[in-house]
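**Q** Below: one structure in structure tokens.
The values are calculated or read from the model by the stated rules, or taken from the named source; none is laboratory data. For clarity, every value in this text was computed on a predicted model and none was experimentally measured. A quick note on method: Cβ atoms are made from the backbone with ideal geometry, for glycine too, and the neighbour counts reach across all protein chains shown. The area values use the complete protein model at the heavy-atom level, side chains included, leaving out ligands, DNA and RNA. Shrake-Rupley method; radii C 1.70, N 1.55, O 1.52, S 1.80 Å.
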Amino acid sequence: AGAVPAAAKSSWGPFLKSIASFNGDLASLTAPPFILSPTSLTEYSGYWAEHPEIFVAPGQEKDPQKRALLVLKWFLTTLKQQYSSRSEKLGSEKKPLNPFLGELFLGKWKDPTGEIGETQLISEQVSHHPPVTAYAILNEKHGVKLEGYNGQKASFSRGTISVRQVGHAKYHLKEFDEDYLITLPSLHIEGIVYASPYVELNRSSTIHSSTGYVAQIDYSGKGWVTGKKNTFSATLKKEGSKDILYAIDGQWSDDFTIKEGKTKKELETYSAKTTEITPLYIAPIEEQDPLESRRAWAKVQESINTGDLETTGTEKSKIENEQRELRKKEKEEGREWERRYFTRVMDDPVFTRLSESPGLAAEEGKTDGIWVFDEKKFSQVAKANAGGEATNAAA
Ligand code: 0T9
């Protein structure tokens with residue numbers, strides 16, 4: 001896997017030239033067909049919980065320090081899914097479909113054991129220009145809720161695309177009324193000249209908890225010491241203290257080891273390669289809402305998969321034209337597209353409080369306001385769905 005056919009590679013040269021004059025809008029990049037992915041960016045929100053058991057684990061932990069460690073561990077276990085699963089599966093990073101405004105990606109991680117409980121995913125494209133995806137992941141049994149949103153700011157220099165993520169995630173534990181503010185690492189695309197792009201993470205990201213714990217994760221790519229890709233080193237400290245409570249080192253796409261800070265005693269080695277993921281359950285297309293990603297993009301996805309460029313083009317244009325019409329109509333009627341599950345606020349108390357923590361870059365976060373999961377909208381949709389099709393149509 002991974003080898004790019006020679007004929008396909010011939011389209012890479014012109015593409016390289018085109019990105020040299022890149023304007024920062026990733027969606028506007030016209031990539032050669034072999035690098036197109038049939039997956040929409042709204043689906044990427046699911047990467048946060050492909051190990052539901054690790055996602056909910058902090059919900060049961062009584063010790064606040066261990067809880068903060070479990071949240072850090074969970075975050076680290078999402079990185080492989082988020083940033084290298086596509087390369088591994090498809091042979092390289094691929095350009096995702098650019099979601100339309102209001103696009104939804106809904107699903108759940110079922111739990112036959114009954115111990116984890118069901119974990120629900122709600123992902124919605126809340127902005128198209130610039131693209132912003134918002135998401136919430138809920139597990140009622142363990143009282144765990146993740147919500148967040150993100151967009152990207154990109155630039156091209158010295159042969160690589162650098163991407164800064166705008167946005168953040170908040171992890172909430174109901175039982176302990178505890179919040180964690182998670183910042184998103186910036187990244188760059190390697191392997192562009194060889195027509196086999198893949199993601200590497202840059203610099204650092206943090207997790208600040210309302211209980212005063214601070215995790216910092218430093219990414220060093222092909223680590224200077226080990227020479228291995230996806231290298232990182234993380235610490236957990238109490239805010240304002242220099243004492244390292246836990247240190248975690250290794251590769252986020254492979255093995256990493258959790259050690260006690262003082263004694264350096266090894267507590268656990270996690271293997272990203274052998275820990276299996278739980279596949280997300282998505283409703284069959286005919287049961288999906290017309291705004292759901294796989295239903296809306298079905299024809300485009302099929303034609304990308306069969307390599308039918310012409311149909312890909314016409315079906316994509318259909319969606320884009322429909323969207324243009326919708327925006328025009330809204331403008332004429334002086335209204336805005338109603339987001340189904342999220343609301344834009346100018347001030348989110350949890351974000352404000354935790355983002356004032358020392359050590360957190362103030363620029364993190366805002367895409368012209370903050371997108372928050374709207375519980376009221378959520379329960380209205382749930383009620384309408386419970387009322388069946390008739391209520392839905394009447395609404
Ligand atoms: C949120 C994630 C994000 C989305 C992707 C930059 C990128 C789109 C955004 C940031 C997820 O939680 C995590 C992972 C990977 C990110 C993608 C990697 C990537 O290359 C794409 C961009 C849009 C491209 O496809 C550029 C074209 C490239 C494949 C060829 C040079």
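**Q** Per-residue HN-Hα couplings for segment 313-318, Karplus 6.51 cos²θ - 1.76 cosθ + 1.60 at θ = phi - 60°, whole Hz, x for Gly and Pro?
**A** Per-residue couplings from phi come out as x, 5, 5, 5, 4, 4 Hz.
**Q** Ignoring ligands, DNA and RNA, what accessible area per residue does segment 166-223 give at 1.4 Å, in Å²?
**A** 33 Å²
**Q** Within the chain, which is the longest segment that contains none of the chymotrypsin sites (Phe, Trp or Tyr not before Pro) sitting in a DSSP loop with at most 12 other Cβ atoms within 10 Å?
**A** 1-193
**Q** Distance between Cα centroids, segment 37-68 to segment 103-150: provide it in whole Å.
**A** Here the two parts' Cα centres lie 10 Å apart.
**Q** I'd like the carbon and sulfur percentage of the solvent accessible area for segment 106-170, probe radius 1.4 Å, heavy atoms only, ligands and nucleic acids excluded.
**A** C and S fraction of accessible area: 50 percent.
**Q** Taking the Cα centre of the chain as the origin and placing charges on Cβ (Lys, Arg +1; Asp, Glu -1), which of N305, H168, G227 is farthest toward the positive end of the dipole?
**A** G227
**Q** Find, among the trypsin sites (Lys or Arg not before Pro) in segment 106-144, those assigned to loop by DSSP (not H, G, I, E, B) with at most 16 other beta-carbon atoms within 10 angstrom.
**A** Those satisfying the criteria are K110, K141.
**Q** Cα to Cα, under 12 Å, and not fewer than 8 places away if on the same chain: which aspartates and glutamates meet these conditions relative to K237?
**A** E260
**Q** Among P52, Q125, I248, whose Cα sits farthest toward the positive end of the charge dipole of the chain (+1 at Cβ of Lys/Arg, -1 at Cβ of Asp/Glu, about the Cα centre)?
**A** Checked the options; the winner is I248.
**Q** Next up: Under 15 Å Cα to Cα from K264, which aspartates and glutamates show up? Leave out anything in the same chain fewer than 8 places away.
**A** D243, D249
**Q** Continuing with the same structure: Just want to confirm a number: the relative contact order over the chain, from Cα pairs under 8 angstrom separated by 6+ residues, in percent.
**A** Relative contact order here is 14 percent.
**Q** Nearest 5 percent is fine: what portion of the DSSP beta bridges confined to the chain is antiparallel?
**A** DSSP beta bridges in the chain are roughly 95 percent antiparallel.
**Q** Right, here's the next one. Give the separation of the Cα centroids, segment 168-247 to segment 84-100, in Å.
**A** The two parts, judged by their Cα centres, are 22 Å apart.
**Q** Given charges of +1 on the Cβ of Lys and Arg and -1 on the Cβ of Asp and Glu, with all other atoms neutral, how large is the dipole of segment 145-254 about its Cα centre, in debye to the nearest 20?
**A** Details: 13 positive and 12 negative charges, 85 e Å.
Using only the charged Cβ atoms, the result is roughly 420 debye.
**Q** Once phi is turned into θ = phi - 60°, what whole-Hz ³J(HN,Hα) does the Karplus curve with 6.51, -1.76 and 1.60 give for every residue of segment 95-107, x standing for Gly and Pro?
**A** Along segment 95-107, the couplings run 7, x, 5, 8, x, 8, 4, x, 4, 10, 10, 10, x Hz.
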